[in-house]
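What follows is a single structure, written as structure tokens, with notes after it.
The values are calculated or read from the model by the stated rules, or taken from the named source; none is laboratory data. Not measured: the values here are computed from a predicted model. FYI the Cβ positions are ideal-geometry reconstructions off the backbone, even for glycines, and counts take in every protein chain you see. To get the accessible areas, we keep the full protein, side chains included, count just its heavy atoms, and leave off ligands, DNA and RNA. Shrake-Rupley method; radii C 1.70, N 1.55, O 1.52, S 1.80 Å.
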Amino acid sequence: MKNWLTYRLKILLKDKSLVFWTLVFPILLATFFNLALRGAYTNATVSSSTVGVVVSDPTVQSFLDMLEDEYHLIEQKPFSNEKEALAALENQSVEALITYDSSIHLSVTQSSSNAQSLILRNVLQSYNVRLNLIQEQLESDPTKVTPAFIDSLVNVKMTVTSIADSRTSELVVINFYTTIAMLCIYASFWGNKSGRYLQADMSSIGIRLNVSPTHKWKLILMDIAAIFVIFALELAIHLSYMAFVLQVPFGNYPGLLILTGLIGGLLSAMMGYMVCVMVKGNEVKRITLLSGVGVFLSFLSGMMAVQIKYLVETYLPVLSKINPAALITDNFYWIFMESHFSLILENLLIMVGLTIVFAMIAYRRMRRVTYDHL
Amino acid sequence: MSVLEIKDLVKRYGDFSAVDHFNLTIQEGEILGLLGPNGSGKTTTINCLLSLLTYEFGSIHLFGKPMKPDAYDLKQHIGIVPQNVAVFEELNVNENIDYFCGLYVKDKATRKAYVQDAIAFVGLEEFTTFLPKQLSGGLLRRLNIACGIAHKPKFIVFDEPTVAVDPQSRNRILEGIKDLNRSGSTILYTSHYMEEVEQICSRIVIMDNGKQIAEGTKESLKALSQFGEVIKVETHDLSDEQFLELQALPFVFKAEWNRPFLSVYTQNEKQGLLQLMQFLSDRSIDYVSFRNEVPTLNDVFLEITGKQLRD
Ligand SMILES: Nc1ncnc2c1ncn2[C@@H]1O[C@H](COP(=O)(O)OP(=O)(O)OP(=O)(O)O)[C@@H](O)[C@H]1O
Ligand SMILES: [Mg+2]
């Protein structure tokens, strides 16, 4: 077993062009971001967005006033009813809309779905969470809702401060996270390379493996193990380079970041493996397909233009829940924002699930196979 | 016991039958030569018997049991040397053999010994750390063989293992196959070189257009030939009248005359040589050279199919 893993690693790692695309390229990209975006840490200016507001609750209103007056995050434009406000959002006289029933809602237009509104969304979200906690406590044991308790929870001021102060530099950090997502997505090439050897109609080595008495699932597991080791290594190198050479801050949840990276890479590798098993024809065709799919999924996940992400989330929400690129980037974003922990977990579980599904599809296709032609 | 039994095998690619109601039985201990020109269906037959290819009709039994993709107990005892070299470019000679042997032999110590045996068998001792791309064509073929036989299988399929191998290495490989056979392996050997097949095979099946067209020992196959032998004479003295006279003689099956070369195919009898010498000396015809040849499998093949075995 150990021998096999070593051989597999050797076989994969000697492919220099694969090592370039899956390791060197994301590092180069991160380096490029570093050169291009260093300036942004210092020179960025903060602009506020015009936001329509339909809020009657005085507590919420004072919170919004604080966002406007102290942090210049928003410029409020009050509306008496939601219909009018929505119309304003439609004709783009406001960039976003904040409404309140039992919690605060943020609606944005597609054109203004920028990082600014993401920050705002995050701020409002954390406000809602705290509000909910107080309400729950009131319902179960009102005596415990002391001013001190409320103070401890409604620490919104703190949150807002930290975000407003560092948001320009953190927005830069997001670009670096994109390179990690890219590293994960390129792992599909490893899967593709491995899968080829198991198929008699794709490589003559496949003939030997297929006539051998070793079960397919063992061979597949061995492949996955080798890919995982290589990918973990690549991820470690990439993260170390960013942390120690580029000095990119990783926030408070590096463990979660690494876990997402590892699972994301495995998922993507399994996708490549499955594509290799399902798509016959020559290698160039599959590499082109995989690159294309990678770019397309990244595009849908909003890696190139964030508006696309919201379009997908609005009109085809299922897609963003099964798109590996979206799952990976969303998680990185939430980890960076330090929010949505339950969604992060949900995404991780979906990713594991998809990995298993892809592996099963590949296995079913290869198990006890006889070919129509070789 | 029959090691391999193929009955009425049909494999079609669309309307084209690559293997057409083909039968083949190999008994334990045999070296069976499957001889056929390019495209006759040898590799296709092998791929079917290994359960790599689906086929339309027929049955295949190995060691008395039906061969299926999940017949792992049967697969354990099969060795395959595919027509196209199948080794990892990234692994060296030793690692390649060890990798493929490891698919069959789990015990590390045993495997180590087996790998050594295989390396010695193909004579690659001095190249164990070479990568495939550093090996010459012939050495690469030898590695291909080593990867297929290292686990000491009971039944070994060689699909044209000597293509692009020089005569010396080829001889070594052929002798090696005989050794494998002596140590207990049953062998299916395909080729389109009849000399090879004549040299090592105990029985020969000739295949063309997916069909079996002849079967037997090399002697019995040669007996299929319509003529006994061919006598080739170089002479400047033979006249055209004398050639016509010669053609009419009873022992002559067929004669060709391209001055100064005379070829006489004798009827199936032993006296041809003497009778021809008698004929020449009676007429005081001098000759530069005189030799006789027995028919080759190629001649047999030519007669049966009307085409050459080799391109
Ligand atoms: N995938 C395929 N699709 C269509 N025809 C095929 C396919 N594979 C093989 N053939 C045809 O089947 C026939 C038999 O091929 P096969 O490779 O078995 O011949 P062979 O006897 O091994 O020849 P060679 O001595 O050249 O190796 C050939 O005519 C070939 O063109
Ligand atoms: Mg062939």
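Some notes on this structure:
- Options B:Ser220, B:Pro69, B:Gly33, ranked by Cα towards positive dipole end of chain B, top entry (Cβ charges): B:Pro69
- Reciprocal of mean inverse Cα separation for segment A:182-333 (Kirkwood radius, Å): 16.8 Å
- Surface composition of the protein assembly as shown: carbon plus sulfur atoms contribute 57% of the solvent-accessible area (1.4 Å probe, protein chains only, all chains present).
- Interface burial in segment A:333-374, defined as at least 20 Å² less accessible area with all protein chains than with the chain alone at a 1.4 Å probe, covers A:Arg368, A:Thr370, A:Tyr371, A:Asp372, A:His373, A:Leu374.
- Rounded to 5, the percent of DSSP beta bridges in the protein assembly as shown classed as antiparallel: 60 percent
- Burial of 20 Å² or greater, segment A:209-237 residues [accessible area, probe 1.4 Å, versus chain by itself]: A:Leu209, A:Asn210, A:Val211, A:Ser212, A:Pro213, A:Thr214, A:His215
- Cα gyration tensor of segment B:2-222 - equivalent ellipsoid semi-axes, whole Å, descending: 28, 20, 16
- Sequence-separation-based contact order of segment B:107-237, relative, with Cα cut under 8 Å and 6+ spacing, percent: 17 percent
- Overall Cα dimensions of segment B:114-164 - principal axes, largest extent first, Å: 31, 24, 13
- Highest mean packing first, where packing is the average number of other Cβ atoms within 10 Å per residue, the peptides B:204-214, B:106-116, A:288-298 line up as B:204-214, A:288-298, B:106-116.
- Shielded by partner chains, segment B:39-59 residues - at least 10 Å² of accessible area, 1.4 Å probe, vs chain alone: B:Asn47, B:Leu50, B:Ser51, B:Leu52, B:Leu53, B:Thr54
- Average beta-carbon neighbours from other chains, 10 Å sphere, peptide A:198-208: 5
- Cα-Cα over 20 Å, subset of B:Lys106/B:Lys154; B:Lys11/B:Lys211; A:Lys14/A:Lys218; A:Lys218/B:Lys75; B:Lys42/B:Lys211: A:Lys14/A:Lys218
- Protection proxy ranking, peptides B:240-247, A:202-209, B:298-305, A:136-143, average beta carbon neighbours within 10 Å, highest first: A:202-209, B:298-305, B:240-247, A:136-143
- Mean accessible surface per residue for segment B:230-294, computed with a 1.4 Å probe while every protein chain stays in place, in Å²: 61 Å²
- Gaussian network model of chain B, Cα within-10 Å springs - most flexible of B:Ser281, B:Ser17, B:Ser59: B:Ser281
- Cα radius of gyration and Dmax for segment A:290-374 (Å): 16.0, 54
- Chains B and A, summed buried accessible surface - 1.4 Å probe, Å², nearest 100: 3100 Å²
- With an a/c value under 1.5 for the gyration tensor axes a ≥ b ≥ c computed over the alpha-carbon atoms, segment B:230-294 is described as rounded.
- Which of B:Ala109, A:Leu133, A:Ala88, positive extreme of dipole for the protein assembly as shown (C-beta unit charges): B:Ala109
- Remark: segment B:2-222 carries 38 Å² of accessible area per residue (probe radius 1.4 Å; ligands, DNA and RNA excluded).
- Per-q log10 I(q)/I(0), the protein assembly as shown, q = 0.09, 0.10 Å⁻¹ (Debye; single scatterer per alpha-carbon; no solvent): -0.88, -0.98
- Local electrostatic count, B:Glu219, Cβ distance below 12 Å [Lys/Arg +1, Asp/Glu -1]: +2
- Residues in segment B:292-300 carry Karplus couplings, in order, of 10, 10, 7, x, 9, 4, 4, 5, 4 Hz; the curve used is 6.51 cos²θ - 1.76 cosθ + 1.60 with θ = phi - 60°, and Gly or Pro positions show x.
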